[in-house]
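J.: Structure below; questions to follow.
The values are calculated or read from the model by the stated rules, or taken from the named source; none is laboratory data. Quick caveat: nothing in here was measured; it's all calculated off a predicted structure. No Cβ is skipped: glycine too gets one built from the backbone with ideal geometry, and neighbour counts run over all protein chains shown. Please note that ligands, DNA and RNA were not included when accessible areas were found on the heavy atoms of the full protein model with its side chains. Shrake-Rupley method; radii C 1.70, N 1.55, O 1.52, S 1.80 Å.
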Amino acid sequence: MIKILLIEDEPGIQETIQIALEAEGFSIFIAATGTQGLQMLADDISLILLDIGLPDQSGFDVLKSIRKSFATPVIFLTARNSEIDKVLGLEIGADDYIVKPFSPRELLARIRAILRRTQNPLEIEKKSNSKIRISLEKKLIYFNGKSLNLSPYEYKTMELFFKWPGRIFTREEIMDIVWTEPEDSFDRAVDTVIKNIRARFKEMDSNFDPIETRRGQGYGLKEII
């Protein structure tokens, strides 16, 4: 059973989320403070739902503490909708960001998208090759031993490709799994991310291109030997 840790101090939100997740077969553990949440962390927790406005400390500080020992996916829950908060959350290691009030259906969709990306992480490591490798803990892609300077969307796209090398994903599939902001959901955004990924590799080796493009179908990672 998939275990989810909810770090949230509002009883009404706790109850709503618990009912929704348990109805879908998830096992949920609840902490009302950041300190309690950190004490409940364990390797078998699959995902963390983390409120930013906790009574004892900021959710940002809690996430920093989590990232010292765990690479567990984190979704921020917050009443604040500023772009600065979103950027800060993603930069310090959050995987997604959802603004209150939100529907249980939207939250479940976000959870499922992240779990699809993070299932069987060891398989991703096994399928990497001598030139490219991925560090799930550090959220970095390495090429010939050097890390690439990728944006969050660029990294998450490469992480998806690593999980299924040789598989071609449509733009719609990439948007569904990688993107978190509805306003960003248009085909040109995917094309831009792919273009930027290629540029990062070409900065290190002008003849190297790990991305396969199939006209009318989509993109994927070449099965490079």
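J.: Pairs needed: first member in segment 12-34, of a type in the set (Ser, Thr, Tyr); second member anywhere, outside any helix (DSSP H, G or I) and open to solvent by 40 Å² or more (accessible area, probe 1.4 Å); C-beta distance under 7 Å; at least 6 residues apart or different chains.
T.: Between residues of segment 12-34 that are of a type in the set (Ser, Thr, Tyr) and residues that are outside any helix (DSSP H, G or I) and open to solvent by 40 Å² or more (accessible area, probe 1.4 Å), the close pairs are SER27/MET1; SER27/ILE2; SER27/LYS3; THR33/ASP9; THR33/PRO55; THR33/ASP56.
J.: Kindly check whether there is at least one residue in segment 69-81 that is of a type outside the set (Gly, Ala, Ser) and either modelled with pLDDT of 95 or more or more than 18 Å from ASP96 (Cα to Cα) (or both).
T.: The answer is no; no qualifying residue exists.
J.: Any chance segment 122-133 includes a residue that's modelled with pLDDT of 80 or more, more than 22 Å from GLU106 (Cα to Cα) and either within 21 Å of the chain's Cα centre (by Cα) or surrounded by fewer than 13 Cβ atoms within 10 Å (Cβ to Cβ) (or both)?
T.: Yes: one or more hits.
J.: ILE2: touching a Lys or Arg at 6+ places or on another chain (Cβ under 9 Å) and either touching a residue at least 24 places away in the same chain (Cβ under 8 Å) or not β-branched (Val, Ile, Thr) (or both), yes or no?
T.: Here the answer is no, as ILE2 does not meet what is asked.
J.: Would you check which residues across segment 1-24 are open to solvent by less than 30 Å² (accessible area, probe 1.4 Å) and not in a helix (DSSP H, G or I) and list them? Please lay out each step first, then the result.
T.: Taking segment 1-24 as the starting set, the residues that turn out to be open to solvent by less than 30 Å² (accessible area, probe 1.4 Å) are 4-8, 17, 20-21.
Matches in segment 1-24: ILE4, LEU5, LEU6, ILE7, GLU8.
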